[in-house]
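Structure first, commentary second.
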Amino acid sequence: MVAGSTATALQSLDCFHCGEPVPGNSEFTALIDGEQRPMCCPGCQAVANLIAGSGMSVFYQQRTAFNERPSGSEQDDTFAIYNDTSMAQTFCSIGDDGTTRAQLLLGGITCAACTWLIESTLMRIEGVSFASVNLHQSRLDVRFSTEKIRPSELFEAIAALGYTPRPFHSNARREQLQQEYKKDLRRLAVAGIGMMQVGMFAIALHAGSIQGIALQYQSLLRWVSLLVASFVVLFSAKPFFITAWRHLKQRTLVMDMPVALAIGIAWLASVWATVRNTGDVYFDSIVMFTFFLLLARFIERRIRERSLQSWIDTEAGLPDAVEVKRGDQWHTLPRKQLVGGEQVLVLPGRVIPIDATVFSGSSAVREDAFNGEYFPRTVNAGDSVFAGTVNTEGLLELTAAGSYLQTRLNALQRSLDSSKHKKPRLAQLADRVASWFVAAILVITVVTAITWLQIDPSRALWVSLSVLVISCPCALALATPAALASSANALRKLGVIVHGDNALATLASCNRAVFDKTGTLTRGRLSLARIVTSPDTTQDEANSIAQALQQYSNHPIAAAFTQTQQLPTLKAVEVVSGAGIEGSDGTLRYRVGSERFCREIAPELEAMPEGEFHWIALCATDRPMAWFGLQDEEREEAGPLIRQLHRAGMQVEMATGDSSGQAKQLASQLAFNDVHTGMNPQDKLSLVQKRQSQGDVVVMVGDGLNDAPVLGVANASFAVATATDLARSQADFIVNEDDLALVGTTLTHARKCRRVIRQNLVWALGYNLCALPLAATGSVPPWAAALGMSFSSLLVVLNSLRLQRQGAA
């Protein structure tokens, strides 16, 4: 049903969801697109709220008929709506292998252990062939067979683990980030305030233990501390218990297990001591422990989410409305309604909305989004054009090849997603190691408790608690993320944004670098480098005529001709697509453009050799006038950077879509080990995969949409300042400043970060090996164990903060 029909439904008080009459006494409504819509029953209300809450209100604008009214059984099935074909199409697509691919937004995931739990659970379900969680975007990519499993069953399986699944949409993700930020901030604030309050009471209690304190005051301080600490444990420390229990049900151990046990046992023991008015209480250690752990996680998540904000959907660059021919008339329609075979009109300067064939017209199309090169391709009737490219010159009438889901641009996005899944999963490895470490701690704690029950039962609980607390692997857990977070923050101040949990660690191990040329090693814009004139023409004369012609063009070459003097007046100027520009001063005709175009009126024009420059000609009627040599300006920092990489022991290659001699000349000038020209995105991808199969750890540096797939599959990757949005979203490092030297700075900093991580790990493991025997022999009371654990974690954080003070020096 279209918008007009929907309005009619509202006027007659029909249900906005199913179209059936709304009973007179019904008070059911749903907020959709900022308006309260009438609903006939709780079932329609629940389904409508689910659709609107998932960020998919546009579903109601695009549907062609009312939905079926939910039955009683469906009302109990929260996710049944996603089995509807129209709904499924908003987040599902059919892959080349015939399986259904879906993207879901997950609420409640916090670490790599969560991703492992979700992936392993889904992969055990019959019909699911692939499942991968992107932790940064909280996105699940899953492939499944609709013959064996329905979409709603995937949602149910994820919800059963304690996570909140929704169809993935950018707006929904942003809303989720805001909600999670507020929730984390509230937990941290409560823990901080509680730590200050309980800390003051603890000082009074410790002083009273030394100097003496009346029993009624001691009891009062303990009970007040119990109330404050209990609220902190139940509210702020709740995520530790939820995560530990969730993974324990799946028979896995994570870092939060000893954390939850330490907090829980210390709290229970302190409650027992308070109620019995005997022994020691450790409420101050509990809330301090909770606060510092939450603070570390809060900072780490904020850094991760800040990186996420630069992620932009590829489709967002396409126009929302297009001119489509229906009958003999042109109509403005939503792009998503386009189907194969329809006629589409694209004006000069507009983005082409769909893969298509030119039906009529001629123009030049900029395809640098795909091939990285700034020279447009001339297209005429019968030629193919692609969504996301730019029509630069003439009016084009196109015949659509299919919907957006069938475009080359969408295929590129899918290849990017699959490229990301091929990256090493270091976080999963860390969790597996941590699982064994946690298991060992728990075994040692149990053995200690049994031993002390034989030696001195009154001390068994407190000695065991000391072992659990002092050996808590918080320092080990912070060793890597604290250093990575400090390095990422330092690099951000220098103008480099770090994406990915393992980007810095991987970069430090790279032994081969692959560079794009245009826009990466060069500025990505043409400049006039040389003018060769005929004997009867001066440079000023040739330059002024060329500028007078180029001012009528929006071709990238025109930008190289900047106005420096008063220009002659030319008439009857015509831009010839893919050839050049022609004009007249009333006496002579002038042409500037390709050799063939100019030779038509000046047969004596001599060709210029291929090499350092891209040449365009200028001629008058029956007379060649000049050749203009254009070149893409090399970045001055490119040479020093390549020399720095060589000194660091790296092999350096160039992989570019430029097939001219300029690429080889630049590679020779900068002393590259190898150069590959005329490469398309798949060629670059194959090159990097070949190097990886040979044992190399590869870092890729690029800037264009054509570089995005290889940026995703490389072990580490950089997108330089001029990079497209898609390239930036796939790179591990984004150089925001227009300074290629920051690539070398980041490499240096990554290797220093690796050294700090090793220092942190040595300290964390050494501390546990030394402190554990002391705690097990009863030499360390629980309060000292808590201080030792906190000091160990603090030392790791302080050592990591050195990376910020040093910057990248």
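Please treat every number below as a calculation from the coordinates, not as lab data. A quick note: this is a predicted structure, and the numbers were derived from the prediction, not measured. A quick note on method: Cβ atoms are made from the backbone with ideal geometry, for glycine too, and the neighbour counts reach across all protein chains shown.
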Distance (nanometres) between label positions extended 7 Å along Cα→Cβ at LEU333 and SER120
5.0
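Which entries of LYS148/LYS690; LYS182/LYS752; LYS182/LYS249 show an alpha-carbon separation above 30 angstrom in the structure shown?
Working: LYS148/LYS690 37 Å; LYS182/LYS752 34 Å; LYS182/LYS249 28 Å.
Checking Cα-Cα distances, LYS148/LYS690; LYS182/LYS752 exceed 30 Å.
How would you order 593-603, 119-129 from highest to lowest mean count of nearby Cβ atoms within 10 Å?
On the way: 593-603: 16.8, 119-129: 15.2.
Highest mean packing first, the order is 593-603, 119-129.
Determine the sum of side-chain charges near GLU606: Lys and Arg each +1, Asp and Glu each -1, restricted to other residues whose C-beta is under 13 angstrom from that of GLU606.
Once positives and negatives cancel, what remains is 0.
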Please give the residues of segment 667-706, grouped as numeric ranges, whose backbone N is less than 15 Å from a label point set 7 Å along the Cα-to-Cβ vector of ALA648.
697-702
Using 0.36 nm per residue, how much length does the chain from ALA207 to ARG186 gain when fully extended, once their Cα-Cα distance is taken away?
4.4 nm
Cβ-defined net charge surrounding ARG589, 15 Å radius [Lys, Arg +1; Asp, Glu -1]:
-1
LEU794 to SER145: FRET efficiency via 1/(1 + (r/R0)^6), r the Cβ-Cβ distance, R0 41 Å, to the nearest 0.05?
0.20
Most packed first (mean Cβ within 10 Å per residue), the peptides 389-397, 279-287 order as 279-287, 389-397
